[in-house]
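Below is one structure; the comments refer to it alone.
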Ligand code: HEM
Ligand SMILES: *[C@@H]1O[C@H](CO)[C@@H](O)[C@H](O)[C@H]1NC(C)=O
Ligand SMILES: *[C@@H]1O[C@H](CO)[C@@H](O)[C@H](O)[C@H]1NC(C)=O
């Protein structure tokens, strides 16, 4: 079984073949392809100064209250935000349960689904703000503020987040395959994917520092601790004692296991609730969960950045805030004709008496263990 992207000529041939298949799929598909994201200016700090002066404070209070009840909300919110912005920009498309076009939404993707944490927090903030300033504060702005407040709750110095995003009306699970990073990816592919979003290789290393908090389900990295290769049961680039501990925590996955019952392991067990540079120190000690984390310390292009952050927490924290600002501007919708202020973050607004041809998919896609392993380790393969 090929667990990693092959390298060299083989890889180029494969990716040519994949490109060909992809262009065929795109040519045959009646829908438009994902538009490559660009960093858009035009967001304004203090956007709600006049229309809803308490907006940012309300989001911060809600996030603080929720994080105080459950620390795992903070990493959850940062991840939802990244997943939203990386696919079709920061338009809150990840929050939609259904769309007018009847597409299966992003939320249902294996990359999201039950692994999203903190969705309820966004609802609480939205409900509060709708009561205070009806139809004024977009779900995408709430998510951008909430991700910042979550980072601050986890110890990051605060940074400014502009407002003025409008909410999108499209959301498609099928936009993810081929456009989204998975744990099995290594630096060259990750760099390509980030570049397609206007994010640099340094941004890749910096933003991966989000894995300083939160954790991953065992099946996301089980390929590194069981049957890694023909010659080695365990990934030789893992600290053997660490690998042994992971094997104790995570039994070998079986095809009929329920992924939702898989254990979640902290990325950085030394300071698992603090958004700090210990993640990079652990990478250099060969204690990482995902191949996509480990590769940052192995690849000669990214290793120097990892080494710099491992030595300098203040530098990492400053760069992380700046990179999050970059993410928060990806492909934002600014004009009224581009998007709306959703009343309910789960659904697109409907005018009174208006009916969308909402086509419900037969049933939500199921994500059995084998499919999760295929998607996450080898990259997305649609079923
Ligand atoms: C570089 C490519 C990346 C890959 C392949 C990746 C993949 C993953 C995976 C597989 C998980 C575990 C999810 C679970 O088991 O529930 C995870 C968690 C997480 N990711 Fe990433 N990620 C990447 C980049 C990022 C970026 C850029 C951010 C944000 C700036 C981010 C934020 C997070 C956070 C905060 C968690 C913890 C979530 C939680 O504990 O609920 N990740 N990521
Ligand atoms: C909102 O107020 C802050 C603080 O007074 C100011 O820095 C910012 O420029 C204002 N923004 C807008 C859009 O009015
Ligand atoms: C905190 O939230 C996570 C994710 O939703 C959940 O799995 C966990 O059980 C919660 N912890 C507590 C103590 O409620």
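The values are calculated or read from the model by the stated rules, or taken from the named source; none is laboratory data. Values in this document were obtained by computation on a predicted structure and should not be read as measured data. Here Cβ is always computed from backbone atoms with ideal geometry, including for glycine, and neighbour counts include all displayed protein chains.
If we keep just the residues of region 322-348 that are within 16 Å of the chain's Cα centre (by Cα) and in a helix (DSSP H, G or I), which is nearest to ligand 2 (Cβ to nearest atom)?
To start, the set of residues in region 322-348 that are within 16 Å of the chain's Cα centre (by Cα) comprises 323-331.
Narrowing further to those that are in a helix (DSSP H, G or I): 323-327.
Numbers: 323: 23, 324: 19, 325: 16, 326: 20, 327: 21 Å.
Per the criteria, the residue is 325.
What are the residues in region 248-279 that are over 19 Å from the mean Cα position of the chain (by Cα) and surrounded by 15 or more Cβ atoms within 10 Å (Cβ to Cβ), if any? Talk me through it step by step, then tell me what you get.
The first filter runs over region 248-279 and keeps only residues over 19 Å from the mean Cα position of the chain (by Cα), leaving 248-258, 261-263, 269-271, 277-278.
Residues satisfying the conditions are 250, 253, 257, 262, 271, 277, 278.
If I filter region 79-87 for residues that are within 21 Å of the chain's Cα centre (by Cα) and either in a loop (DSSP other than H, G, I, E, B) or over 20 Å from residue 321 (Cβ atoms) (or both), do I get at least one hit? Can you show your working first?
We begin by selecting, within region 79-87, every residue within 21 Å of the chain's Cα centre (by Cα); these are 79-87.
Going one step further and asking which of them are either in a loop (DSSP other than H, G, I, E, B) or over 20 Å from residue 321 (Cβ atoms) (or both), we end up with 87.
Among the residues of region 79-87, at least one is within 21 Å of the chain's Cα centre (by Cα) and either in a loop (DSSP other than H, G, I, E, B) or over 20 Å from residue 321 (Cβ atoms) (or both), which makes the answer yes.
Scan 104, 137, 124 and give me the residue that is out of contact with any strand residue (DSSP E or B) (no Cβ under 9 Å at 6 or more places or on another chain) and either within 11 Å of residue 172 (Cα to Cα) or buried (at least 24 other Cβ atoms within 10 Å of the Cβ) (or both).
104
Regarding residue 89, is this residue modelled with pLDDT of 95 or more and more than 16 Å from ligand 3 (Cβ to nearest atom)? Step through it out loud before you land on a result.
Values: modelled with pLDDT of 95 or more: yes; more than 16 Å from ligand 3 (Cβ to nearest atom): yes.
So residue 89 fits the description; yes.
Looking at region 88-101, which of the residues that are assigned to a loop (DSSP other than H, G, I, E, B) and crowded, with 22+ Cβ neighbours inside 10 Å is nearest to ligand 1 (Cβ to nearest atom)?
Selected residue: 90.
Kindly indicate whether any position in region 153-167 is farther than 27 Å from residue 349 by Cα and assigned to a helix (DSSP H, G or I).
Yes, some residue in region 153-167 is farther than 27 Å from residue 349 by Cα and assigned to a helix (DSSP H, G or I).
Checking residue 38 against (1) modelled with pLDDT of 95 or more; (2) touching a strand residue (DSSP E or B) at 6+ places or on another chain (Cβ under 8 Å); (3) more than 16 Å from ligand 2 (Cβ to nearest atom): exactly one of these is not met. Which one?
(1)
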